[in-house]
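Below is one structure, written out as structure tokens, with a few remarks after it.
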Amino acid sequence: MRKSWMILVSCLLAVSLMSGTVLAKPGNGNGNGNGNSADKKEKNTEAKPVAQTVKEEDKGKVKETVTSVTYATYGGNGHNGYKGLLKAIENVKDKPAGAVIAELLLTRYNLQLTPEKKAELEAIKEKDAALSALADILDKKGSVTDAVYVEKEAIKANVKNLDSYKKLGKLYEKTGKNGVKLYVNGEEPASEVAPILKNGSTFVPFRAISEALEAEVIWNKEERSVTVTRDGITVKLFIDKKLAYVDGKQVTLQAPPAIINGSTVVPVRFVSEALKATVKWEPVSRSVVIYEE
């Protein structure tokens, strides 16, 4: 299966030689190594301390995750769990969860898989490796902008692979993009304030991380507090105070939330873990990586 992926990479490279670009982002096909224009986003000039409450039409929506679809419907063990995973992967084979489910099927239910299904799952599992290899080829040929875009796709194919973030960080350095970076479920949420390191803690823009995790956020001007609710969990923090509450229970933070350039920044590890998300730190690229299990 690795051979088939290398054939794909070779075909894509051949196309790049004829067209001058591979998998270029829409509106960005020069492939000249200048990634600044591709990554810039229009800034929102309205400064808000935190995100506003979610729209009324979105309040009734129930967020379905791979785990809930698979196990709530089919059960988490035995033959039903196997069928549930097979059904779930059909809906997410091109998404980050696809590689995770493919790995689970190949390791836990290997004897129940046909050779054809094993080959299909191996291809899904190795998608991030193939994309990353293609990014290396593009980088060596001087198409840094295209390499950045392809490496981003590799991250989306497997959000847990910290090596992909490391490689993307090195590519970003070639485009002049430095500093601490934030990724939530493989995406880089838009924000006017970049993550910062302060007194041993990493602070991230609260609005960006909350919206990326599809949480409901309420700002209380009188209390100077921010309350975020997600999947039945409520976290309340106070600006410039180490006091916080998780589902009504008082906790003490290592560092207090603050407002920088009109945006609320919070200690990333506390907030993410309180909302049941995994937080990783990739030191080479100085990346904060947050994803849902």
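The values are calculated or read from the model by the stated rules, or taken from the named source; none is laboratory data. Because the structure is a prediction, the values reported are computed rather than measured. Please note: Cβ atoms are built from the backbone with ideal geometry, for glycine as well, and neighbour counts cover all protein chains shown.
Listed values, structure above:
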| quantity | calculated |
| --- | --- |
| Selected residue [part of a strand (DSSP E or B), under 20 Å from Glu292 (Cα atoms) and in contact with a helix residue (DSSP H, G or I) (Cβ under 9 Å, 6 or more places away or on another chain)] from Val226, Val251, Val265, Val235 | Val235 |
| Criterion: among the small types (Gly, Ala, Ser) and closer than 13 Å to Lys160 by Cα - qualifying residue of Ala277, Ala258 | Ala277 |
| Lone unmet requirement of (1) in contact with a Gly (Cβ under 8 Å, 6 or more places away or on another chain); (2) over 26 Å from Lys167 (Cα atoms); (3) of a type outside the set (Phe, Trp, Tyr) for Val144 | (2) |
| Count of region 212-223 residues which are without any contact (Cβ under 8 Å) to a residue 24 or more places away in the chain and not in a strand (DSSP E or B) | 3 |
| Those residues of region 171-191 which are more than 17 Å from the chain's Cα centre (by Cα) and either more than 21 Å from Ala255 (Cβ to Cβ) or free of Cβ contacts under 8 Å to residues at least 24 places away in the same chain (or both), in sequence order | Leu171, Glu173, Lys174, Thr175, Gly176, Lys177, Asn178 |
| Selection status of Val92, buried (at least 16 other Cβ atoms within 10 Å of the Cβ), in contact with a Gly (Cβ under 9 Å, 6 or more places away or on another chain) and modelled with pLDDT of 85 or more | no |
| Residues located in region 274-293, provided they are over 14 Å from the mean Cα position of the chain (by Cα), more than 17 Å from Ala208 (Cβ to Cβ) and either of a type in the set (A, V, I, L, M, F, W, C) or modelled with pLDDT under 90 (or both) | Lys276, Val284 |
| Subset tally (residues that are β-branched (Val, Ile, Thr) and within 25 Å of Glu188 (Cβ to Cβ)) for region 240-264 | 3 |
| Given (1) within 23 Å of the chain's Cα centre (by Cα); (2) surrounded by fewer than 20 Cβ atoms within 10 Å (Cβ to Cβ); (3) not hydroxyl-bearing (Ser, Thr, Tyr), index of the condition Leu106 fails | (1) |
| Checking Asp163 against (1) in contact with a Leu (Cβ under 8 Å, 6 or more places away or on another chain); (2) within 23 Å of Ala277 (Cβ to Cβ), the condition it does not meet | (1) |
| Count of region 156-203 residues which are buried (at least 21 other Cβ atoms within 10 Å of the Cβ) and part of a strand (DSSP E or B) | 4 |
